[in-house]
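The values are calculated or read from the model by the stated rules, or taken from the named source; none is laboratory data. Fair warning: this is a prediction, and the values are worked out from it, not measured in the lab. With ideal geometry, Cβ positions are generated from the backbone for all residues, glycine too; neighbour counts draw on all protein chains shown. Surface accessibility is based on the protein's heavy atoms, side chains included, excluding ligands, DNA and RNA. Shrake-Rupley method; radii C 1.70, N 1.55, O 1.52, S 1.80 Å.
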Amino acid sequence: LEVRDFDTSPNPAVTIRPKANTKERKLRVIPLKRETVDLLRDHFKGKLRTARAFNIPAKWETADMIREDLAVARAAWIADGQTPEDRAKRAEVMFLTDQDEEGRRIDFHALRTTCGTWLDHAGVAPTIAKCVTGH
């Protein structure tokens, strides 16, 4: 995404332009909350409209990025245990690992499913949630 894909007018939105190799080749316009727009305005200050909106690693590196983020979050969660026993118990469970007790590994489709669940719990309209998740 480029900075120009973000509309910060009174009806804020982000436009997702289709790529030739994607399943659905439709233009998607996703509405944004005003609070999000305020954060984006600060983030985009001084950037050209054609600049990349976010510094996201190449797609072949994002799985490593997610695993690293999980490891950092897990270490912090374990360290937050109140006692040495509590920390030891936390270290024994698979919370915040890239694999669950049944051997299932985190993947990008699971993240999209999680995003949809969180949108539903937040009361986001199904039409918007479908647009965000690409359904």
If Ala76 meets every condition in (1) modelled with pLDDT of 90 or more; (2) open to solvent by 80 Å² or more (accessible area, probe 1.4 Å) apart from one, which number is that one? (2)
Name the pairs whose Cβ atoms lie under 8 Å apart, with the first residue in the stretch 69-85 and farther than 30 Å from Pro57 by Cβ, the second surrounded by fewer than 13 Cβ atoms within 10 Å (Cβ to Cβ) and basic (Lys, Arg), and 6 or more positions between them or separate chains? Gly81/Lys89
Every pair of residues 6+ apart whose Cβ atoms lie under 9 Å, when the first sits in the stretch 28-42 and is under 20 Å from Arg17 (Cα atoms) while the second is part of a helix (DSSP H, G or I) and at pLDDT 90 or above: Leu32/Leu40; Leu40/Val3
Give the stretch 42-61 a look and list any residue that's part of a helix (DSSP H, G or I) and either at pLDDT 90 or above or farther than 21 Å from Val3 by Cβ (or both), or say none. Asp42, His43, Phe44, Trp60, Glu61
Matching residues in the stretch 79-100 - criterion: being open to solvent by 60 Å² or more (accessible area, probe 1.4 Å) and not aliphatic (A, V, I, L, M): Asp80, Gln82, Pro84, Glu85, Arg87, Lys89, Glu92, Phe95, Gln99
Say we look at the stretch 101-133 and pick out the residues that are under 16 Å from the mean Cα position of the chain (by Cα), among the small types (Gly, Ala, Ser) and exposed (fewer than 13 other Cβ atoms within 10 Å of the Cβ); which of these is modelled with the highest pLDDT? Ala122
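Looking at the stretch 2-34, which of its residues are open to solvent by 100 Å² or more (accessible area, probe 1.4 Å) and modelled with pLDDT under 90? Let's see the steps before the verdict.
Residues of the stretch 2-34 that are open to solvent by 100 Å² or more (accessible area, probe 1.4 Å), as a first pass: 4, 10-11, 17, 19, 21, 23, 25-27, 33.
Selection gives Pro10, Asn11, Arg17, Lys19, Asn21, Lys23, Arg25, Lys26, Leu27, Lys33.
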Answer with yes or no whether Asp98 is within 30 Å of Ile30 (Cα to Cα), of a type in the set (Asp, Glu) and at pLDDT 85 or above. yes
If I ask for residues that are more than 16 Å from Arg52 (Cα to Cα), in contact with a strand residue (DSSP E or B) (Cβ under 8 Å, 6 or more places away or on another chain) and of a type in the set (A, V, I, L, M, F, W, C), which ones from the stretch 1-20 would you list? Ala13
Which residues, taken from the stretch 39-54, are over 17 Å from the mean Cα position of the chain (by Cα) and open to solvent by less than 70 Å² (accessible area, probe 1.4 Å)? Phe44, Ala51
